[in-house]
Amino acid sequence: MTSGLVDRHIAFLEALRGAGLPVSLAEDLDAIAALQTLDWSDRHTIRDGYAATLVKRQSQRPTFEALFDIYFPRMVGDGAQAVTEAPEDESGVRDNAQALQDFRAELLEALGSDDPQALTRLAAEMVARFGAMPGRGPGLSSWSAYTALQRVAPSELVDRIVQGLLAEGRTEEEAQRVAGRRVGSFTRQVEDDARRRIAEEKGPDHVANVAVRPTIDRVDFTSARKADLEEMRREIYPLARRLATRLTKEHHAKRRGPLDFRRTVRASMSTGGVPIATHHRPKRPHRTELVVLCDVSGSVANFAQFTLLLVFALRDQFQKVRAFTFIDHVHEVTHHFRPGADVVDVMSDLAASTAHAALWGRTNYGRAFTKFAEEYGDALGPKSSLLVLGDARSNYSDLAEGTLKELAGAARHSWWLNPEHRRHWGTGDSAAPTYGEIVPMVECRNLTQLGDFVHDLAG
C-alpha cells in the first residue's frame, strides 16, 4: 500500500469504529493481509474483502456499505464520461418540465426492467441535474438527495411499476412488494451519490461524522425512523439469543456454591491431609421475578415496546415476568407476550394498547405510581425486582415520591431506564434527578445499552 492508501485505510477504519463497529487491531491486520492478495482493479472485490474481515453481524452491513462508498467511491465527480447535458429551451433553462418528464420516463423503464447498470447511472445523473440547491453551483457543497427526490418523485412511479409487474403475471401482493423494494433501493442509491459528492468537497471524514447513521444497535430509540424501527424489530430476537447464550454460559460457570469444608477435609485424608480437590455445596438456584412498569406516551413508546420485547424474549431467564403500561392510568399487558407469539402481532397489540392508554390524558408519573400501588401493589415482594421505563417527564404534576419509595422498598431490587441522554435529565419538566435519588436511574438510549443492562439484570 502506498502512504496515501494507508492513510485512507486508517481513516476508513476510524470511521467504522466511530459508527459503532468494533474493529480490533487484529482485524485491521487481517484486512491488510487480505487486501494484499486481492485485485485492486475490481472495487466490489475490495469491498467484499473488507467486509469479510471487519463486519461481524448483518445489522452492521448497511453502515459499512455507506462508509465504504464514501472512502472508496465508485467514481469522482460525474465519472469518466460527463453526465449528458439536458437540452436547453429558448430561455437557457436546463432543468425544464420536458427534461424532467423525459428523465422520469427513462427511470420508469429502468425500474420496470430492474436494470442495475441503468439505475446506477440514473442515480448519479439525478443528483447532478436535480440535486443542486437553488441558486448555487456544484462547487459550493450544494448537493441534496432530498431536493432531487422531491423533484423527480420516484415514489410516485410505484403504481405504474406495479401495473407492469402484473402484466408479467405476478400477484398483486408480490408486485407491490417488488415495486416498493426497487424504488427503495434506488432512493438509497441517490442518497449514496449525494453523500459521495459532498465528501469530494468537504472530505470523507466530515460526511462520516454528520451524514452516516450509526449501526442499528446504536441508533437512539427516540430519534429512530420508521425503517430503523423495522430493522430494530428484526434485531430483537437475535439479540435475545446472544444474551441467552452468554447468560447460560455464565450460569454454568457459577454453578459451584460455597466450600464444603467437611467433605474437603475428609477427601484430603487419601492424599496425606493435602486438599488437592475441593468440594462445594450445591448452589441454590435463584431467578428474578421481574415487574416492568412502562411509560408508553408518544415520546418514549418505541423505547418501552422494544424493552418489553427483549425482556419477554428472555422470559426463561426469569422466574416470572409481569408488565404494566401507563400514561396517567395503569394497564397490565402481560397477556400480549404469550409464548410463541409473532413479533409483528405483539408490536401491533402493544401499539393498540398504547393508543388506548393515550386517550386518558397527559403523562402523569405521580398518578400512575399511586394507581399501581392501589391496584397492583401485591405484584411486588421480597423475591421481585421493579423495572421502571420512561423519561421521567411528568408535565410538572405531583411526583408522588413517597409512593415510589414504598414500591421500591417492597421489591428486592429496583431500577429505572431512561431513554434520554443524561445531559437532558433535570431540564424542563424532567424529574429524573428527584426520581434518581429513590430508584437507581440508568441511561438506555439504544439496543446496545439495553442489551448490556438486561444481561446484567438477568445475570
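The values are calculated or read from the model by the stated rules, or taken from the named source; none is laboratory data. These numbers come from a predicted model, not from an experiment. Cβ sites come from the backbone with ideal geometry, for glycine too, and all protein chains shown count toward neighbours. Remember, those area values only see protein heavy atoms, side chains included, never the ligands or the DNA or RNA. Shrake-Rupley method; radii C 1.70, N 1.55, O 1.52, S 1.80 Å.
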note = In nm, the gap between the two label points placed 7 Å beyond Cα toward Cβ at THR245 and ARG262 is 4.3 nm
request  = For VAL274, tell me the accessible area in Å² from a 1.4 Å probe, rounded to the nearest 10.
outcome  = 80 Å²
Karplus-derived HN-Hα couplings along segment 259-264 (A = 6.51, B = -1.76, C = 1.60, θ = phi - 60°), whole Hz, x at Gly and Pro = 5, 8, 5, 5, 5, 5
ask   = What are the residues whose amide H is under 5 Å from the amide H of TRP415, where those residues sit 5 or more places off or on another chain and H is modelled from the backbone?
value = LEU386, LEU387, VAL388
inquiry  = If I take R0 = 41 Å and measure r between the Cβ atoms of ALA118 and VAL6 in this structure, what FRET efficiency does the formula 1/(1 + (r/R0)^6) give, to the nearest 0.05?
reply    = 0.70
task = Can you work out the PRE-style zone for SER24? Point 7 Å along Cα to Cβ, and I want the residues of segment 38-58 with backbone N under 15 Å.
result = 53-57
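Highest mean first, how do 327-336, 100-109 rank when packing is the count of other Cβ atoms within 10 Å averaged over residues?
Details: 327-336: 17.9, 100-109: 15.0.
The most tightly packed comes first, giving 327-336, 100-109.
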Neighbour net charge for PHE306 - beta-carbon separation under 10 angstrom, K R +1, D E -1 = 0
key: Under the Karplus curve 6.51 cos²θ - 1.76 cosθ + 1.60, θ = phi - 60°, whole-Hz ³J(HN,Hα) for segment 155-172, x wherever Gly or Pro sits   = 5, 6, 8, 4, 4, 6, 5, 4, 4, x, 5, 5, 5, 7, x, 7, 6, 4
request  = Quote the accessible area belonging to ARG170 in square angstrom, nearest 10, computed with a 1.4 Å probe and with ligands, DNA and RNA left uncounted.
outcome  = 80 Å²
remark   = For segment 184-196, in residue order, the Karplus 3J(HN,Hα) values (coefficients 6.51, -1.76, 1.60; θ = phi - 60°; whole Hz; Gly and Pro = x) are x, 5, 5, 4, 5, 5, 5, 4, 5, 5, 5, 4, 4
ask   = Do any trypsin sites (Lys or Arg not before Pro) in segment 19-81 lie in a DSSP loop with no more than 13 other beta carbon atoms within 10 Å, and if so, which?
value = LYS56
